[in-house]
Structures are given as structure tokens and as C-alpha cells.
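To keep things clear, I will list the structure first and then write my remarks on it.
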Amino acid sequence: MRVITGKAKGKRLKAPSGIQTRPITDMIKEALFNVIGSDINGAYLLDLFAGSGSVGIEALSRNAAGVIFIDQSINAVKTIEYNLANCKFNNNFEIYRKDVFKALYILHKRKLKFEYIYVDPPFNSDTIIDRVLPAIEKADVLKETGLLIIRTRRQKELPTILLTLDQYRVNNYGDSTLHYYRKQEEERLDDGNI
């Protein structure tokens with residue numbers, strides 16, 4: 001696992017030990033950032049269930065304005081700290097060692113909003129994503145033009161329409177799937193296209 005491009009290009013990243021984490025592969029991460037493109041430059045990203053911090057660190061390497069990493073595992077937090085130091089990043093980020101639901105409440109209270117929210121819960125906890133999606137909507141931390149990206153195991157189906165979000169893209173990579181959501185438009189064309 002490495003940083004693909006930008007300021008920290010080529011830097012190797014450690015992954016937390018244990019079976020709870022399934023680090024994102026370089027191929028999936030590259031595909032994800034191909035979708036985001038240069039819009040990450042100057043944007044804010046929230047990395048939920050951050051694990052190694054690989055996605056948030058890639059965003060920082062590509063000139064994101066800031067990243068907040070959230071993971072409740074001390075092992076993951078220490079790994080994120082190590083990876084950030086190894087990549088020579090010492091500002092424009094925060095790390096919360098907290099339960100995701102408590103962290104979302106804090107971010108809501110701080111009135112923080114993000115252009116990108118990346119969610120990568122453990123594959124062995126299949127029901128957690130069903131609780132996380134409404135919590136993200138309730139916390140109202142996604143900007144109006146923001147993008148919510150969720151990585152799940154390939155067999156996990158997610159709803160195409162949430163309370164305020166529509167799924168507009170799904171990409172499969174091996175045993176993983178990336179689901180992309182954006183805020184619903186108030187007015188739609190008759191054929192359902194935006």
C-alpha cells in the first residue's frame with residue numbers, strides 16, 4: 001500500500017494489524033481518486049473507519065485543504081499517526097479516536113461540512129453501514145455539492161435513494177464495491193436524470 005501521487009507520492013503506508021481491517025488496495029484507491037479528480041484540491045474530506053488513513057493521506061497528498069480521520073481503534077490511530085509522520089504531514093488534519101456515531105455528533109455540533117466523506121466499515125460487520133448512512137444524513141456534514149463514497153463487500157446492496165441522498169454510481173473491484181451518493185436535486189427531469 002502506497003501513496004499514489006502528489007506531495008507524498010510513492011511513500012509506503014502501514015496497515016493496522018488484525019482481521020478487523022481490510023486496507024483499500026492501490027487499484028481501488030486510484031479508481032476512487034480518478035472519479036474525484038482534481039476537485040480534491042482545496043477540498044475537505046472526512047475519513048470514517050479510517051484504518052490506515054490511506055484515503056485521507058492520499059487526499060492530503062493531492063492538496064486537500066484538510067482531512068479528519070475517525071477510528072475508534074487505538075491500533076488504527078497509532079497507524080494513522082505513523083503514516084502521516086512518514087509522509088511528512090504535520091498540519092491540515094485531525095484524528096478522532098472515537099466511535100463514528102459520537103464523532104458525527106461532535107462534527108455536527110462544530111458545524112463542519114465536507115466536500116467528500118469516505119466510509120469504509122469493517123466487512124465483517126455487515127449491519128453497521130445500515131446504521132451509519134442515516135447517522136451521516138442526520139449529522140448534516142456533507143456539503144450541498146458533496147460526495148459520499150462507501151466501500152462495502154461486493155455482495156452488500158445499498159439503497160439507491162436515502163432521505164436526502166441519491167446513489168448515482170456503483171463500481172465493483174474484486175470483492176469490494178464503491179457506492180457513490182450525492183444530495184438529491186429538488187427538481188428532476190421527467191426521465192429521472194438530473
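Read the figures in this text as sums done on the coordinates, not as results from a lab. Here the structure is a predicted model, which means the values were calculated and not measured. Every residue, glycine as well, gets a Cβ built from its backbone with ideal geometry; the counts of neighbours run over all protein chains shown.
Considering each residue of the stretch 65-73 in turn, at least one proves to be buried (at least 24 other Cβ atoms within 10 Å of the Cβ) and not in a strand (DSSP E or B).
Let's see how each residue does on (1) touching a helix residue (DSSP H, G or I) at 6+ places or on another chain (Cβ under 6 Å); (2) farther than 23 Å from Asn63 by Cα; (3) basic (Lys, Arg):
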| position | (1), (2), (3) |
| --- | --- |
| Phe89 | yes, no, no |
| Asn92 | no, no, no |
| His108 | yes, yes, no |
| Asp130 | no, yes, no |
| Ile150 | no, no, no |
| Lys156 | no, yes, yes |
| Gln167 | no, yes, no |
| Tyr173 | yes, yes, no |
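Does any residue of the stretch 97-113 turn out to be of a type in the set (Asp, Glu) and either closer than 23 Å to Ile4 by Cβ or without any contact (Cβ under 8 Å) to a residue 12 or more places away in the chain (or both)? No - not one qualifying residue is present in the stretch 97-113.
Which of the residues belonging to the stretch 2-15 are touching a residue at least 24 places away in the same chain (Cβ under 8 Å) and either among the β-branched types (Val, Ile, Thr) or at positive phi (or both)? Full working, then the answer.
Taking the stretch 2-15 first, the residues touching a residue at least 24 places away in the same chain (Cβ under 8 Å) are 2-9, 11-15.
Hits for the stretch 2-15 are Val3, Ile4, Thr5, Gly6.
The requirement of being part of a loop (DSSP other than H, G, I, E, B) and charged (D, E, K, R) is not satisfied by Lys78.
When you check Leu112 against the structure, is it surrounded by 14 or more Cβ atoms within 10 Å (Cβ to Cβ), in a loop (DSSP other than H, G, I, E, B) and of a type in the set (A, V, I, L, M), yes or no?
Values: surrounded by 14 or more Cβ atoms within 10 Å (Cβ to Cβ): yes; in a loop (DSSP other than H, G, I, E, B): yes; of a type in the set (A, V, I, L, M): yes.
So Leu112 fits the description; yes.
Among the residues of the stretch 169-182, the ones that are farther than 12 Å from Val35 by Cα and assigned to a strand (DSSP E or B) come to 6 in all.
Step by step: first the residues of the stretch 78-94, then only those that are in contact with a strand residue (DSSP E or B) (Cβ under 6 Å, 6 or more places away or on another chain) and buried (at least 20 other Cβ atoms within 10 Å of the Cβ), then the one that is farthest from Gly53 (Cα to Cα). Which residue is that? Among those residues, the one meeting the criterion is Phe93.
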